[in-house]
Amino acid sequence: MKNKITLLLIIGLIFVGCNSDDAEEVQYNPCDTNAQGYTISTYNDNYIIDDQALTVHYVTGHPQGNYFHIFNNNGPTVTNFYTFAVNSGDTSTLEQNWNTTGGSFLSIDNDPFYGTSQYPMNLTTVQGGSQIGDRILLEFSGTGEGLVEGQYCVDIDEVITASDYVYITDGSDFKIVNVFDPYLPYVEYSATANTAYFVEVIDNTAYLGYFDAIEPFLNSYDVTNTGSVSLNQSIAKSGQFGRLSDIDKIGDYLYVSDEYRGIHHINLSTQAVTSFENHDVMSLSLINNRITALGIWAGLYGFDVTDPSFPVNSNYLMLDFPTDIDIASYPNANASFHSWIRNNGTQHFVANIEDAKLKKVEEGTLGYSTVSEVDISGYATAFKVDSNYGFITTKPSSSAPLQSSFDGVTMVDLSNMVVVDSQALSNASGVTVKSNIAYVTDEDGLHIYDVSQGSLNLINTYSPGFGNYISINN
């Protein structure tokens, strides 16, 4: 055990580095010199990371209780420390995985640092805290091949709520993944959802669409508390419903596009369902009380939803040939390829299937028109707009003309309609974005990208997060 620990710590120090003060402090426990950091001793070797490399959170809102999260904020996470032992005198053990009831977790260079059942690594909170500026002191020790001791002595930087989640369908299960720490996500909830391929979460309600004809058309779940997810409504497939393709919420009404049966809206107070458009519809986009439908019959056409209970068609008879919007659908084994429409608050954008392009579309008094476009080299499986960027996942299929599609995620600057970055994946199928983080699903996992610099910079890949589609809580 000693050799593994020593190697990991050396790697960690290479990444973090030392400043001029570190050279002196390495000789001491940082807590003895009022420094902030941690020290670990294995036999006679001492290691320290100083205060410039650490962030300390007191986190509330976790189902198992409040916890401390200590991590370095300088580049890739070299150290990650979690513990529910937040009060003076609390004890626990260092476990191999985070989210262990009553346990603690420490990783060095993303590898867990823990004891064994025979030689546990015990932790004691000598000094606790719950407010910004509070000094906390945590000590741990264990005996394996030799004595291992360590201390964290740090000040709380922020008090925050652990509430960052992504919601994923993978064809078999519905999963809620905690991504508060993008370097260490974990599945917080999972339930069977056979053939579920679509998910959208709005106002703490998850709406799931199912692909197989014998499954529900739509199930909605209350996800306010990940510890007690409950079914709100289930709509069975019948002659009225075909296959859910997109969702938007307008006031107290949920608008649902149907790949085979048009558009339905659901009164969320009474759960009553009304169908008001019969032609096949692939996607929906809402701007200023007008919802634009991307449909089989007429490409793009709009409805006035000032009164969401009574949508009024405004340009239903205006076939929009000038927009060159594709209206085809290509069902495959577990989902459908079709075009998607999204907006940035002022303009619509369509990820087009037939010519594999992203199109900027404007609505005028005479209908819709394409004002610019860019080649995205693939056939869309999902599309999200965040700020000034569009994010599109694409993948190939055996069906013509989809065989040559780029398999991955593409990032487009919407101001000038230029592809700024793309990353190859394996059957890329879902994308969502929040706070400069893009979350992308494929068959290999959940890929987390930092997009703050205008490009896709991979932070982490979490294998259990693989999926068909993904959403945040909108």
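The values are calculated or read from the model by the stated rules, or taken from the named source; none is laboratory data. The shown structure was predicted, so the numbers you read here are calculated from the model rather than taken from an experiment. As a convention, Cβ positions derive from the backbone with ideal geometry for all residues, glycine included, and neighbour counts pool all protein chains shown.
List of remarks:
- Checklist (1) over 19 Å from Thr381 (Cβ atoms); (2) in contact with a strand residue (DSSP E or B) (Cβ under 9 Å, 6 or more places away or on another chain) applied to Gly239, failing item: (2)
- When each of Val412, Val371, Val419, Val312 is tested for being buried (at least 18 other Cβ atoms within 10 Å of the Cβ), among the aliphatic types (A, V, I, L, M) and in contact with a strand residue (DSSP E or B) (Cβ under 9 Å, 6 or more places away or on another chain), the lone residue that passes is Val412.
- Taken over the stretch 422-455, the residue count meeting the criterion of being on the phi > 0 side of the Ramachandran plot and either in contact with a Leu (Cβ under 6 Å, 6 or more places away or on another chain) or assigned to a strand (DSSP E or B) (or both) is 1.
- Residues satisfying the stated conditions in the stretch 337-361, i.e. surrounded by fewer than 17 Cβ atoms within 10 Å (Cβ to Cβ), of a type in the set (Ser, Thr, Tyr) and closer than 24 Å to Asn468 by Cβ: none
- Within the stretch 253-283, tally of residues that are part of a strand (DSSP E or B), within 19 Å of Ser314 (Cα to Cα) and of a type in the set (D, E, K, R): 1
- A search for C-beta distances below 9 Å between a residue of the stretch 186-199 that is touching a residue at least 40 places away in the same chain (Cβ under 8 Å) and any residue that is of a type in the set (Lys, Arg) and part of a strand (DSSP E or B), counting only pairs 6+ apart in sequence or on different chains, returns Val187/Lys175; Glu188/Lys175; Tyr189/Lys175.
- Within the stretch 175-234, considering residues that are aromatic (Phe, Trp, Tyr) and in a strand (DSSP E or B), the one modelled with the lowest pLDDT: Tyr186
- Residue match in the stretch 327-338 (condition: over 18 Å from Val385 (Cα atoms), within 25 Å of the chain's Cα centre (by Cα), modelled with pLDDT under 85 and not in a loop (DSSP other than H, G, I, E, B)): yes
- All of (1) farther than 27 Å from Thr292 by Cβ; (2) under 22 Å from the mean Cα position of the chain (by Cα) hold for Ile247 with one exception: (1).
- Scanning the stretch 376-424 for residues that are at pLDDT 95 or above and of a type in the set (Asp, Glu) yields Asp407, Asp413, Asp421.
- Residue in the stretch 309-323 that is part of a strand (DSSP E or B), at pLDDT 75 or above and over 21 Å from Phe217 (Cβ atoms) present: yes
- Flag set for Thr393, criterion: crowded, with 22+ Cβ neighbours inside 10 Å, in a strand (DSSP E or B), among the polar types (S, T, N, Q) and free of Cβ contacts under 8 Å to residues at least 60 places away in the same chain.
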